[in-house]
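The values are calculated or read from the model by the stated rules, or taken from the named source; none is laboratory data. In this text, all values refer to a predicted model and were calculated from it rather than measured experimentally. Please note: Cβ atoms are built from the backbone with ideal geometry, for glycine as well, and neighbour counts cover all protein chains shown.
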Amino acid sequence: MKDMDAAVKLFMALDRPFADIVDFFLKNEGYKVIRKSMQERNTETIGHPPNGRYRKSVHDVVKELTIRKRGGKPRRLTVALENQSYVSRIMPGRELMSSALHWDHWHHGIQSEHEKNDDLKTTEELLDGILTGDRMTPVLTLTPYFGQKPWKGANRFVADLTTCPPGLENAMADCPANVISFRDMTAKQLSMFTSGSMRAVAKSIRYARNRRQLRYEMRTDPSFRDMPAEAYEVINKATGMKLKPKQKEHNNMAKDVSSYDQYLLDMGERRGEKRGESNTILRFIRSKRKRHISDTQIQQDLLDDFGLNESKASHYMTAAAKA
């Protein structure tokens, strides 16, 4: 693969790592994810076209879920992950634009529904396009950072406003980046992760340059046992290691590959391609389609994340469709 972006997208699309990263972020507020509540959402958000021009925001993984404090009421929340393997210094601006598009998408949709049902009666309702009780499900954007360089990007949008008059920051449009940088975590922060493959990946990135500590963690932390194949791929790319899933898991994964896929993989091996990478590409396509992402976007991801040419990307798209 061109880099680890595709492996990260596959890993973070799994329910368990996704819930673990949300739990980690919300832990200080006392919230926990209700694991059975997660539902996949389209990662593409299209804004209402101003002057006939559409704007689009694409996140790596989006799920709607329920969170709850002990003894409190359950609350619905949409969480969008923007996985990063490099430092983006404009991340708060990107998330501000994304938040605006989510709001615009919601507003346009509910306004159209009210107009269809003839719900808007007063002048104010007709002007706003919403009713008094209408509320959008909150959207929380998290940026898990898998890179090895220290995160030095701005953490809030106003930090990029060099001409912002002192004292007026709170009056300006703002948005946090919500960066979760594994490379910069302390041992105490790492321990806040629930035991599982998300914690194993976080520790692998944190200690990628300290092999002695990493070997110790792998021996003593149960998070490194029985990990899914997707976690092994991320760890190997982050550390340069060549860890392999247990043979039992590998065999189960092989059973999921159709005879057409198997033919494609065999042909790929004769051309010198790696079987593991072919499996990853096919799983990547199926995961994206399951989340209702367009084939055009998936094919572009194959070009960007795997470094495939258009002919080979089309070949894999056909193979995944016939599975």
Is it true that some residue in segment 57-76 is within 20 Å of Asn155 (Cα to Cα) and acidic (Asp, Glu)? yes
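If only one of Thr141, Thr137 is in contact with a Lys or Arg (Cβ under 6 Å, 6 or more places away or on another chain), among the polar types (S, T, N, Q) and more than 30 Å from Lys244 (Cβ to Cβ), which one is it?
Working: Thr141 fails: in contact with a Lys or Arg (Cβ under 6 Å, 6 or more places away or on another chain).
Result: Thr137 is the single residue among Thr141, Thr137 that is in contact with a Lys or Arg (Cβ under 6 Å, 6 or more places away or on another chain), among the polar types (S, T, N, Q) and more than 30 Å from Lys244 (Cβ to Cβ).
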Pairs, first closer than 16 Å to Trp106 by Cα in segment 117-135, second at pLDDT below 95 and among the polar types (S, T, N, Q), C-beta under 6 Å, six or more apart: Gly129/Gln111
Filtering segment 51-74 down to residues that are out of contact with any Lys or Arg (no Cβ under 6 Å at 6 or more places or on another chain) and touching a residue at least 60 places away in the same chain (Cβ under 8 Å), which residue is surrounded by the most Cβ atoms within 10 Å (Cβ to Cβ)? Val61
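From His48, His59, His107, grab the single residue that is more than 26 Å from Lys27 (Cα to Cα) and either under 15 Å from the mean Cα position of the chain (by Cα) or modelled with pLDDT of 90 or more (or both). Step through it out loud before you land on a result.
Numbers: His48 fails: either under 15 Å from the mean Cα position of the chain (by Cα) or modelled with pLDDT of 90 or more (or both); His59 fails: more than 26 Å from Lys27 (Cα to Cα).
Of the residues listed, the single one that is more than 26 Å from Lys27 (Cα to Cα) and either under 15 Å from the mean Cα position of the chain (by Cα) or modelled with pLDDT of 90 or more (or both) is His107.
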Cβ contacts < 7 Å: first residue without any contact (Cβ under 8 Å) to a residue 24 or more places away in the chain and closer than 19 Å to Met192 by Cα, restricted to segment 203-221; second residue among the aliphatic types (A, V, I, L, M) and surrounded by 12 or more Cβ atoms within 10 Å (Cβ to Cβ), any location; separation 6+ or different chain. Result? Lys203/Leu190; Tyr207/Leu214
Mind listing just one residue for me: the one in segment 150-166 that is of a type in the set (A, V, I, L, M, F, W, C) and more than 24 Å from Asn236 (Cβ to Cβ) and, of those, modelled with the highest pLDDT? Phe157
Scan Leu142, Leu127 and give me the residue that is outside the structural domain of Ile298 (by TED's automatic domain parsing) and closer than 30 Å to Ile298 by Cα. Leu142
What number goes with the only condition from (1) part of a helix (DSSP H, G or I); (2) within 17 Å of Ala13 (Cβ to Cβ); (3) modelled with pLDDT of 50 or more that Met253 does not pass? (3)
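Filter segment 1-23 down to the residues that are over 15 Å from the mean Cα position of the chain (by Cα) and within 16 Å of Glu82 (Cβ to Cβ) and list them by number.
Filtering segment 1-23 down to residues over 15 Å from the mean Cα position of the chain (by Cα) leaves 1-3.
Within segment 1-23, just Asp3 meets the criteria.
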So Val158 fits all but one of (1) outside any loop (DSSP other than H, G, I, E, B); (2) out of contact with any helix residue (DSSP H, G or I) (no Cβ under 6 Å at 6 or more places or on another chain); what number is the exception? (2)
Restricting to segment 268-323, name every residue that is at pLDDT below 75, of a type in the set (Asp, Glu) and either outside any helix (DSSP H, G or I) or over 25 Å from Pro228 (Cβ atoms) (or both). Glu273
List every residue pair whose Cβ atoms lie under 8 Å apart, where the two residues are 6 or more positions apart in sequence or sit on different chains, the first residue falls within segment 167-186 and is closer than 23 Å to Pro150 by Cα and modelled with pLDDT of 85 or more, and the second residue, located anywhere, is among the small types (Gly, Ala, Ser) and outside any loop (DSSP other than H, G, I, E, B). Cys175/Gly93; Cys175/Ser99; Phe182/Ala202; Met185/Ala202
Taking segment 183-213 as the region of interest, how many residues are assigned to a helix (DSSP H, G or I) and within 24 Å of Phe25 (Cβ to Cβ)? 17
Scope segment 62-71; condition modelled with pLDDT of 90 or more and more than 15 Å from Asp20 (Cα to Cα); matching residues: Lys69
